[in-house]
Amino acid sequence: MSERTIALVTGANKGIGYEIAAGLGALGWSVGVGARDDQRREAAVERLRAAGVDAFGVPLDVTDDASATAAARLIEERAGRLDVLVNNAGIAGGMPQEPTRVDPATIRTVVETNVIGVIRVTNAMMPLLRRSASPRIVNMSSSVGSLTRQSGAAAEQTAGPVAVAYAPSKTFLNAVTLQYARELSGTNILINAGCPGYVATDLNGFHGVRTPEQGAAIAIKLATLPDDGPTGQFFDDAGVVPW
Ligand SMILES: NC(=O)c1ccc[n+]([C@@H]2O[C@H](COP(=O)([O-])OP(=O)(O)OC[C@H]3O[C@@H](n4cnc5c(N)ncnc54)[C@H](OP(=O)(O)O)[C@@H]3O)[C@@H](O)[C@H]2O)c1
C-alpha cells in the first residue's frame with residue numbers, strides 16, 4: 001500500500017475540480033484525476049504533473065455504473081485503498097429552468113449527475129475508503145440548494161436564480177450527505193458538503209466572481225479535516241451554511 005495519501009477528485013479536468021486536484025497534490029498527495037473524456041483527462045494529468053503533482057488519470061463518467069466500478073478497480077490496483085473522495089463533478093443542466101416550463105428530462109439528467117452520480121461513485125469507492133485510517137468524503141454542493149437561503153428576507157441576495165433542476169439537485173445532495181453521515185456515524189469516515197461560492201467556470205458561462213482556486217479552498221479544507229472534525233455538515237469559506 002502507498003505511503004502517500006490517495007485522493008480521487010471527480011470532474012477534475014477543469015474548473016474547481018482541477019484546482020482541488022492541484023491543491024491536494026500540493027500537499028504531497030497522490031491524486032486521481034477523475035474525468036470522462038480521455039483527451040481532457042490526459043491534458044489535466046499532464047498539466048498537474050508539470051506542476052509537480054503526483055497525478056494519475058481515472059476514466060470516470062459518474063452517470064455510468066460500469067465506469068464507477070472500473071474506476072474503483074483502477075485505484076485498488078494502484079494504491080490498495082482510497083483516503084479522500086471529492087465528489088465534484090456536476091452540471092447545471094442549461095438555463096433557464098423555470099418550474100412552470102421545465103422539461104422533466106432536464107431534472108432527470110441533472111439529478112442523475114449531481115445526486116445519483118455522487119451515490120454511485122461513493123458506493124463504488126466505499127470498500128477502498130474503509131481501508132483508510134482517516135477517510136474523508138467531500139460533496140461539492142452549492143448554497144443555492146439551501147432552503148433557508150431561498151426563503152425569508154435574505155433570499156434575494158443569496159438564493160441565486162430560479163433553477164428548478166440545479167438548485168434542488170444540491171438540496172437533494174445535501175440531504176443525501178446527511179443520510180450517509182447518519183449511517184457512518186461511529187466510523188472514522190467524515191462526510192460533508194461544501195459550497196465553493198460563485199466561481200467563474202464553464203458551469204455558469206464564467207459569470208462567477210471567484211477564481212476556481214478560491215472555490216477549491218473549501219474542498220481542500222474538508223478533505224483535510226482532523227479525525228475529530230465535523231461530519232454531516234455544510235460549509236463554505238465563511239463557516240456553516242444553513243440547510
Ligand atoms: N461555479 C460555481 O459558481 C459553483 C457554485 C457552487 C457549486 N458549484 C459546484 O462545483 C462543482 C464543479 O463545478 P465547476 O464550476 O468547476 O464546473 P465546470 O467547470 O463545468 O466543471 C464540471 C466538471 O464536472 C465534470 N462532469 C460533468 N458531468 C460529468 C460526468 N457525467 N462524469 C464525470 N464528470 C462529469 C465536467 O467534465 P467535462 O469537461 O467532461 O464536462 C467537469 O470536469 C459542481 O458540482 C458545481 O455544481 C459550482
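The values are calculated or read from the model by the stated rules, or taken from the named source; none is laboratory data. A quick note: this is a predicted structure, and the numbers were derived from the prediction, not measured. Here Cβ is always computed from backbone atoms with ideal geometry, including for glycine, and neighbour counts include all displayed protein chains. Remember, those area values only see protein heavy atoms, side chains included, never the ligands or the DNA or RNA. Shrake-Rupley method; radii C 1.70, N 1.55, O 1.52, S 1.80 Å.
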Using a Förster distance of 30 Å, the FRET efficiency for Ala175-Asp228 (Cβ separation, nearest 0.05): 0.75
Quick check on packing: order 57-69, 196-208 by the mean number of other C-beta atoms within 10 Å, highest mean leading. 57-69, 196-208
Along the Cα→Cβ direction, 7 angstrom out, place labels at Glu76 and Asp103. What is the inter-label distance in nm? 3.8 nm
If you line up the long axis of helix 15-25 against the longest principal axis of the chain, both from Cα atoms, how many degrees apart are they, to the nearest 10? 30 degrees
If amide H atoms are modeled at 1.01 Å from N in the peptide plane, then the residues at a separation of 5 or more from Leu82, or on another chain, having amide H under 5 Å from its own are Leu129, Arg131, Ser132
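Hey, got the dipole for the chain? About the Cα centre, +1 on K and R Cβ, -1 on D and E Cβ, debye to the nearest 20?
Here the size comes out at about 180 debye.
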If you average 1/r over all unlike Cα pairs in the chain and invert the result, what Kirkwood radius do you get in angstrom? 17.8 Å
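Largest first, how would Met95, Met126 line up by accessible area (1.4 Å probe)?
Listed by decreasing accessible area, they come as Met95, Met126.
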What accessible area per residue comes out for the chain, rounded to a whole number of Å², with a 1.4 Å probe? 46 Å²
How large a share of the accessible area of region 55-162, in percent, is made up of carbon and sulfur atoms when the probe is 1.4 Å and the other protein chains stay in place? 54 percent
Between the Cα axis of helix 212-223 and the main Cα principal axis of the chain, the angle (0 to 90°, nearest 10) is 60 degrees
Residues with amide H under 5 Å of Ile191's amide H, sequence separation 5 or more or different chain, H placed in the peptide plane at 1.01 Å from N; which? Ile137, Gly232
Take peptides 110-117, 179-186, 34-41 and line them up by average Cβ neighbours within 10 Å, highest first, as a rough protection proxy. 110-117, 34-41, 179-186
Quick one: which residues, 5+ away or cross-chain, put their amide H under 5 Å from the amide H of Gly208? H built at 1.01 Å from N. Ala200, Thr201
Report, in degrees rounded to the nearest 10, the 0 to 90 angle that the Cα long axis of helix 38-50 makes with the longest principal axis of the chain. 60 degrees
Extension length gain for Thr148 and Asn123 (0.36 nm per residue less Cα distance), in nm, is 6.1 nm
